[in-house]
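*Asks:* Before anything else, here's the structure in question.
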Amino acid sequence: MSQRPSRYPNDKFTPRPEDHFTFGLWTVGNPGRDPFGHPVRAVMSPVKIVHELSKLGAYGVNLHDEDLIPFEASPAERDKILRDFKGALAETGMKVPMATTNLFSQPVFREGAFTSNDAQVRALALAKTMKSIDLGVELGASTYVFWGGREGVETNASKDPRDAVKRFREALNFLCEYVRDNGYNLKFALEAKPNEPRGDLFLPTSGHMLAFIYTLDHPDMVGLNPEVAHEVMPGLDFSHVVGQALEAGKLFHIDLNGQKPGRYDQDLRFASEDQKGAFFLVKLLEDSRWDGMRHFDSHAYRTEDEQGVWDFAYYSMRSYLILKEKVARFHADADIREILATLEKRNTAQTGGLGPSFKYDKKTAAALKGFSFDATGLAAKGYEYERLDQLTTEVLLGVR
Ligand code: GCO
Ligand code: MN
Ligand code: MN
């Protein structure tokens, strides 16, 4: 890690490589193009991005094949780019924990990649992904993300959604075999999104993806890469999404950013929106001791120049660390602990000598059916969640 810019404070929220923060090359490299306007920032080379992020305390970068190697690059160009990039990694100690394929930018994928109605396009998507997997593995990646940007429709007249699911399954089964056959140490992480850039995308939420995973030939190799924005767009609670993924042992990767519900994918700086939601997310990741990368998939406002991009990156990491400290405060707060202890007493309460958890046998079933419950007494006592939430809010607002 080289010299941290003096613009940023050196305090307990200063990011360090051991915090395992990563950024996509495409995130800080985003030149500020949108559907209505041209780029507002110069294109930055991957080598420069690696050096700058290293100064800010990041652990590594993640990439699509085309973020590093242009689609039309000759073998000689590819070798040179790869040599320079590896040089920057070696110089800074930065890692590439995750790689993925761009199956959405090239016009040939306008109708889909793995789910395209054209079998030659599906073949091209497989070939491009295998080459991109080789590249990722060469750079040390152990997670491979699948985001189906063009795997969707504008009109259901064009495709039977059952065929889309079948084709996507066939592609993933094929690619799992490819990884096994080559002896790669690589797991797949599926990223859902409800819409954009297609009118509707197949397998639109992490819940859909999770159910789909268990229909694959090698479900153990495949997990999830949920993104804050993609689940907040349709109004879901992201912590519930991540909680289910964690509980199933399927949180293989995560895309952190900020988003207002019901809008296009805003890709805002992490914790710049819905700080309470971000707090509960950090709490979940930290409480579960999840050991994955804290990856940011977001970009700086289009209003920003290059300095604004580094501010965006630095503050993404800083906000995570501030929220992590708030989580520690939450756990240490005596009043919060008291409410949680009372809750835990209720959680372990016995019912006629049975409980607190229930496993079926005939005797237990008969005992529960015959027990005389005091439903009125049970209903009478409140849960103190107004106070619990206010205390949490006060921790977040900095007065506790
Ligand atoms: C998006 C997605 C992408 C993917 C990326 C990696 O909405 O554009 O979030 O940024 O995460 O392609 O697979
Ligand atoms: Mn996104
Ligand atoms: Mn993403």
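*Asks:* Fully extended, how many nm does the chain gain between Tyr214 and Val40 (0.36 nm per residue separation, minus their Cα-Cα distance)?
*Replies:* Numbers: separation 174, 0.36 × 174 = 62.64 nm, distance 4.36 nm.
Taking Tyr214 through Val40 to full extension adds about 58.3 nm, to one decimal.
*Asks:* Have a look at Lys362, Lys12, Lys128 and tell me which one the Gaussian network model of the chain (Cα, springs below 10 Å) gives the largest fluctuation.
*Replies:* Greatest mean-square fluctuation among the candidates belongs to Lys362.
*Asks:* Still on this structure: Could you tell me how many degrees, from 0 to 90 and to the nearest 10, lie between the Cα long axis of helix 306-332 and the main elongation axis, the longest principal axis, of the Cα atoms of the chain?
*Replies:* Value to nearest ten degrees: 20.
*Asks:* A follow-up question, please. Skipping prolines and chain starts, which residues have an amide H placed within reach, meaning under 5 Å, of the one on His295, given they are 5 or more residues away or on another chain?
*Replies:* Correct list: Thr22, Ile254, Leu256.
*Asks:* With all distinct Cα pairs included, what does the Kirkwood hydrodynamic radius of the chain come out to in Å, to one decimal, could you say? Please list the in-between numbers first.
*Replies:* Numbers: mean 1/r = 0.0430 Å⁻¹.
Mean inverse Cα-Cα distance, inverted, gives 23.3 Å.
*Asks:* Calculate how steeply helix 275-287 sits against the longest principal axis of the alpha-carbon atoms of the chain, using the helix alpha-carbon long axis, and give the answer as 0 to 90 degrees to the nearest 10.
*Replies:* 80 degrees
*Asks:* Please list the equivalent ellipsoid semi-axes of the stretch 153-214, computed as the square roots of five times the alpha-carbon gyration tensor eigenvalues, in descending order and whole angstrom. Provide the component values of the computation, followed by the final result.
*Replies:* On the way: eigenvalues 125, 36, 20 Å².
The answer is 25, 13, 10 Å, longest axis first.
*Asks:* Here's a follow-up. Rounded to the nearest 500 deg cm²/dmol, what is the calculated helix-only ellipticity per residue at 222 nm for the chain, with -39500 (n - 2.57) per DSSP H run of length n ≥ 4? Mind dumping the intermediate values first?
*Replies:* Details: 15 runs with 183 residues, N = 400.
Computed mean residue ellipticity for the chain: -14500 deg cm²/dmol.
*Asks:* By the gyration tensor of its Cα atoms, with a ≥ b ≥ c the square roots of the eigenvalues, what is the shape of the stretch 128-175: rounded for a/c under 1.5, prolate for a/b over b/c, or oblate? Walk me through the intermediate numbers first.
*Replies:* On the way: a/c = 3.57, a/b = 2.47, b/c = 1.45.
Prolate, because a/c is 1.5 or more and a/b exceeds b/c.
*Asks:* Further, regarding this structure: Tell me which residues come under 5 Å, amide H to amide H, from Glu227 once H is placed; ignore anything under 5 positions away on its chain.
*Replies:* Under 5 Å from the amide H of Glu227 lie the amide H atoms of Ala192, Asp255, each far enough along the sequence or on another chain.
*Asks:* Something else now. For the chain, modelled as a Gaussian network with Cα springs under 10 Å, which listed residue fluctuates most, Gly207, Gly136, Gly377?
*Replies:* Looking only at Gly207, Gly136, Gly377, the biggest GNM fluctuation is shown by Gly377.
*Asks:* Hey, another quick one. Enter the accessible area per residue of the chain (Å², integer; probe 1.4 Å; all protein chains in place).
*Replies:* Working: 20040 Å² over 400 residues.
Solvent-accessible surface per residue comes out at 50 Å².
*Asks:* While we're on this one: When DSSP assigns beta bridges and you keep just the ones with both residues in the chain, what percent turn out antiparallel, to the nearest 5?
*Replies:* Values: 5 of 29 bridges.
Just about 15 percent of them are antiparallel.
*Asks:* Going through the cross-link list Lys86/Lys128; Lys128/Lys159; Lys12/Lys86; Lys80/Lys187; Lys250/Lys363, which pairs have a Cα-Cα distance over 26 Å in this structure?
*Replies:* Listed pairs above 26 Å: Lys12/Lys86; Lys80/Lys187; Lys250/Lys363.
*Asks:* Same structure again: If you plug each phi of the stretch 29-34 into the Karplus form 6.51 cos²θ - 1.76 cosθ + 1.60 with θ = phi - 60°, what whole-Hz ³J(HN,Hα) values come out, in order, with x for Gly and Pro?
*Replies:* x, 5, x, x, 6, 9
*Asks:* Follow-up question, since we're still on this one. Run the dipole for the chain about the Cα centre, Lys and Arg Cβ at +1, Asp and Glu Cβ at -1, nothing else charged, and hand back the magnitude in debye, nearest 20. Could the numbers behind the result be given before it?
*Replies:* Working: 50 positive and 57 negative charges, 142 e Å.
Using only the charged Cβ atoms, the result is roughly 680 debye.
*Asks:* Ignoring any ligand, DNA or RNA, what whole percent of the accessible area of the stretch 228-354 comes from carbon and sulfur when the probe is 1.4 angstrom?
*Replies:* 49 percent
*Asks:* Turning to a different aspect of this structure: What's the angle, to the nearest 10 degrees (0 to 90), between helix 334-347's Cα axis and the longest principal axis of the chain?
*Replies:* The two axes meet at around 70 degrees.
*Asks:* If each of Lys381 and Asn182 carries a label point 7 Å out from its Cα toward its Cβ, how far apart are those two points in nm?
*Replies:* About 5.9 nm separates the two model spin labels.
*Asks:* Along the stretch 148-158, what does the Karplus equation 6.51 cos²θ - 1.76 cosθ + 1.60 (θ = phi - 60°) give for ³J(HN,Hα), rounded to whole Hz, x for Gly and Pro?
*Replies:* x, x, 10, 7, x, 9, 9, 10, 5, 5, 7
*Asks:* In addition: What is the dipole size for the stretch 307-370, taken about its Cα centre, with +1 at each Lys and Arg Cβ and -1 at each Asp and Glu Cβ, in debye to the nearest 20?
*Replies:* Working: 11 positive and 7 negative charges, 94 e Å.
So the magnitude is around 460 debye.
The values are calculated or read from the model by the stated rules, or taken from the named source; none is laboratory data. Just so we're clear, the structure is a prediction, and the values are computed from it rather than from any experiment. Glycine also receives a Cβ, built like all others from the backbone with ideal geometry; neighbour counts cover every protein chain displayed. When the accessible area is computed, the model is the full protein with side chains, heavy atoms only, and any ligands, DNA or RNA have been set aside. Shrake-Rupley method; radii C 1.70, N 1.55, O 1.52, S 1.80 Å.
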